[in-house]
Amino acid sequence: MPTAEQNTVSSKASVFGLLDEAPMTPLHYCYWLLASGGTLLDGFSVVALGIAIPLLKQDMTITPVLIGLIGSALVLGAVLGATLGGIAADRIGRKRAFIADMAILLAGSALCAVARGPGSILVGQFLIGVGIGIDFPTSGSYVSEIMPRALRSRMTVATIALQSVGMVLAAITAIAIFRAHPTATDWRLLLGTGGVLAAIFMSARLFLPEGPRWLAEKGEFAEAAKVLSGLIKTPAPLTRLEVSESAAPATKPLGFAALFSPRYRTRTLLVSVPWLLMDVATYGVGLFTPVILGALHFDSARTGTVAAVFADAEGSGLVDLFLLAGFVVGIWAIPRFGRVPLQVGGFAAMTFGMLLLMFATLADDGPQMHLGLVIAGFILFNFAMNAGPNATTFTLPPILFPTAIRASASGFAAACAKAGATFGTFVVPQLQAHGD
Amino acid sequence: LIAVLALMAFVSIAGLVATAAFAHVVEKEDELEETGEPARHSG
């Protein structure tokens, strides 16, 4: 006679097996879209803030220190949100974390849109960062948990690819706002649009079902069966699941500390260290963005702040479209080459791209005179990053950790990445200034 | 600028090495699972 533990494992295996082998349905795509709203808003928020800052400087008295703090609030909020959000998503469920992060994003965006001073914008951006941080581990876990095995890697990369879509959307929104209403207060509309998107996603996520793997992990097999029946459109296996519900969960629950246990610590290092390093390296190529935009005639030579910001928005949109192309290649390449080879190859190509930029900088007459090299290095670096590590680092934690600690692991890795971004954005410029 | 770029190139190489090294150890310990739910670490 099977023991309670064997029954539990057997029924969890049933849920996992049915999800793995299920055919892809329109519902899968619908759930993917709703789950990917946070990564979309991540890209949107970063670009919207970048476009808004020159207008903010014109519209209100704001010191350079405050500008730096506002930029850092977004990233630091994400560090906090990712760490706590991953743990929360494992404890209270993916759906509750999804709704909470959109509510926080909405509150942060609303605060920015109606801000009377830089303090409100600072708090608002921190809240937006917290919301984005919570969403990162939740969306990666949820999407990988509901997708059939055959499309799991592609759809998880597609989730992080929406970051680039969000960037393009922010540039398009800015261009539309500047065309319809070119004033220095346009930053309110732009930052407020993020809140509108968050409200739409939050409302839609109320209809999103809880992840069936998480439900099974918690022993809620009847609920898992309901979600599964909607996804796979076959009631037959549900009897098996409902029967096994009588078996009490007998396995010892894993917690956040398990990430650093001998069993999982190498996996934790694998998902967090390369992601941190990638986010540091991302800063380096950002130094060349003004050169690239200037070469493409998206420089700020137009008269007036709004006109200059409009030009920057056009240039950003073009560069962001290119970043999206890298993700598209990543979606195609990951199932063919595997995550680790693609990540290793991506880092190698990023190094080569950076060497091209170094060569252009070392040349006697400066990088402006070697635009071909600069553009080649810039394109290679960004393409390799998005087709490689930027796609794979997001998808590795969900496949390397079990359901009980999947979001915690994803959150810890994302928090390390955001810490790397903080280093790249704020420490490296200090080093550069010191060197000058 | 060149020092910063050199640092970034170094960081990219470090990412490559870290990925390869940790993935090698993980593959030795246990094959990389597509589901994250290998029987040996269920629960």
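Miscellaneous remarks
- If you take all other residues with their beta carbon under 14 Å from the beta carbon of A:T83, and give Lys and Arg +1 and Asp and Glu -1, the sum is -1.
- In this label model, A:F337 and A:S261 are separated by 3.5 nm, measuring between points 7 Å along each Cα→Cβ vector.
- Given their separation in residues at 0.36 nm each and the Cα-Cα distance between them, A:T61 and A:V328 gain 91.9 nm when the chain is fully extended.
- Treating r as the C-beta distance of A:I172 and A:A103 and R0 as 25 Å, the FRET efficiency rounds to 0.45.
- Annotation: extensible slack from A:Y29 through A:F352 equals 112.6 nm (criterion: 0.36 nm per residue apart, minus Cα-Cα distance).
Where a number appears in this text, it was derived from the coordinates with a stated rule and is not lab data. Nothing here was measured: the structure is a model prediction, and the numbers come from that model. Here the Cβ is made from the backbone with ideal geometry for all residues, glycine too, and neighbour counts use every protein chain on show.
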